[in-house]
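Engineer: Can you keep this structure in mind? I'll have questions shortly.
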Amino acid sequence: MNDGSGDLRVWGYGDHVAGAAGAGALVGRVVQVDRGECDVVTPDGMVRAGSDSVRAQAEVAPVTGDWVQVTRQDGVALMSRVLPRRTALTRRDPAERDAEQVLAANFDTVGIVAGLDRPLPPGRFERMLVMARDSGAEIVILLTKVDRAADAAAAASTVRAVAGDVAVLTLSVRSGAGIDELRSRLGPGHTLALVGASGSGKSSLVNALAGAEVTATAAVRSSDRRGRHTTIARRLVLLPGDGGMVLDTPGVRALGLTDAQEALHRVFSDIEEHGSRCRFADCAHGAEPDCAVSAAVESGEMDARRVERFLALRDEIEQQRLREERRARSRRR
Ligand SMILES: Nc1nc2c(ncn2[C@@H]2O[C@H](COP(=O)(O)OP(=O)(O)OP(=O)(O)O)[C@@H](O)[C@H]2O)c(=O)[nH]1
Ligand SMILES: [Mg+2]
Ligand SMILES: [Zn+2]
């Protein structure tokens, strides 16, 4: 086949997959999940595979990027086993409070995408950073739509102050800026998973890397630049010239309160640590006297942009908590 499926190495097949699969087993990689069935690329080409119903109940449900063992029964392809994941993007299931939902697996790099056509909403970025760090993959921050940015340098330094030594690229699919640099971070068998808000420009980056319109994109709302949730499936796209793969995902919808709180504690633990030395236990780190956080900013020990992001996220969490409280109260009535 000319889609490269005959040789699974272009899809990232390597020793870790060979070692995990049973001897003589047919393996493939899940390219897309659709109502319980999967498009799986195998040495025989792309197959549509369901789950082996006997085993599937007890086992892990396959997600895009998974390596699976495939069996054939009466000409029907079935996935009998999901191989152990090297990396995974997970989030708390919004329906079930504590259950974890796996979104995608086995990528080498997570690209956190943010569009510079609007301000970085507080919390979203930090939450994606927590998700990306938990995934076990390398992280790159992709600030796109730089052609629409009011002040790209300022946005980049805010992001750098929060993300530490993670690489930050500024890109534009209009001017082509940064695309070659992003491409140079990929390569044969390498998978880049993109995460980010709806309308941030993830699918546009996929098309730019592919050099063709391989996936749909849609204009953001002109009023507030919010996206329209154009991409609905997580899909693995093979790049031409053995250039690796991009895993496109739909924009994350809701920022759960617990996720936001976790992001606050994990991304800004140093600020909270400083805050424990303020005069007032409930110091808001604003105009209070003897505020250790303000003092650290003034002395240059702490980055002012970093503290601004922390305060914005803290306010966002407080507002969300109040909204949830109000909702709970009106439900009770
Ligand atoms: N000016 C400019 N517009 C861009 C750029 N990248 C994306 N856009 C536009 O931003 C809008 C949203 O882009 P998409 O790629 O559909 O965004 P997405 O992140 O895939 O959104 P969802 O699929 O809804 O999660 C489209 O109108 C794109 O044309 C860019 O670099 N510059
Ligand atoms: Mg999209
Ligand atoms: Zn304080």
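The values are calculated or read from the model by the stated rules, or taken from the named source; none is laboratory data. The structure presented is a predicted model; accordingly, all values stated were derived computationally and were not measured. Glycine gets a Cβ as well: all are built from the backbone with ideal geometry, and neighbour counts include every protein chain shown. Remember, those area values only see protein heavy atoms, side chains included, never the ligands or the DNA or RNA. Shrake-Rupley method; radii C 1.70, N 1.55, O 1.52, S 1.80 Å.
Engineer: Starting from region 66-135, pick out the trypsin sites (Lys or Arg not before Pro) whose DSSP state is loop and whose Cβ has at most 15 other Cβ atoms within 10 Å.
Structural biologist: Passing both the DSSP loop test and the Cβ count: Arg97.
Engineer: Moving to a separate point now. Kindly report the accessible area of the chain per residue (heavy atoms of protein chains, probe 1.4 Å, no ligands, DNA or RNA), in Å².
Structural biologist: I get 49 Å² per residue for the chain.
Engineer: Quick query: amide H of Leu239 versus all other amide H atoms, modeled in the peptide plane; which residues come in under 5 Å with a sequence gap of 5 or more or a different chain?
Structural biologist: For Leu239, the qualifying residues are Gly244, Met245, Val246.
Engineer: Just the Cα atoms of region 8-82, one point each, no solvent: what log10 I(q)/I(0) does Debye give at q = 0.13, 0.21 Å⁻¹?
Structural biologist: Taken in order of the listed q values, log10 I(q)/I(0) reads -0.32, -0.87.
Engineer: If you average the alpha carbon positions of region 184-208 and of region 226-268, how far apart do those two centres end up, in angstrom?
Structural biologist: 10 Å
Engineer: Once phi is turned into θ = phi - 60°, what whole-Hz ³J(HN,Hα) does the Karplus curve with 6.51, -1.76 and 1.60 give for every residue of region 324-329, x standing for Gly and Pro?
Structural biologist: Values per residue, Gly and Pro as x: 5, 5, 4, 4, 4, 5 Hz.
Engineer: Related question: Would you mind checking which residues have amide H under 5 Å from Phe107's amide H? H placed 1.01 Å from N; only 5 or more apart, or other chain.
Structural biologist: Excluding prolines and chain starts, which carry no amide H, the hits are Thr87.
Engineer: Over the Cα atoms of the chain, each weighted equally, I'd like the Debye log10 I(q)/I(0) at q = 0.08, 0.14 Å⁻¹, rounded to two decimals.
Structural biologist: With one equal scatterer per Cα and no solvent, log10 I(q)/I(0) is -0.44, -1.13.
Engineer: Right, another one. Using Cα springs under 10 Å in a Gaussian network model of the chain, which residue among Glu298, Glu138, Glu316 shows the largest mean-square fluctuation?
Structural biologist: Ranking Glu298, Glu138, Glu316 by mean-square fluctuation puts Glu298 first.
Engineer: Using a 1.4 Å probe over the heavy atoms of the protein chains, calculate the carbon and sulfur portion of the accessible area of the chain as a whole percent.
Structural biologist: C and S atoms contribute 47 percent here.
Engineer: Which far-off residues, 5 or more places away or on another chain, put their amide H under 5 Å from the one on Thr90, with H placed in the peptide plane?
Structural biologist: Leu103
Engineer: If you don't mind, there's one more thing I want to ask. Could you bin all the Cα-Cα distances of region 212-333 into 10 Å bins starting at 0 and give me the percent of pairs in each, rounded to whole numbers?
Structural biologist: Values per bin, smallest distances first: 10, 25, 24, 23, 14, 4, 0.
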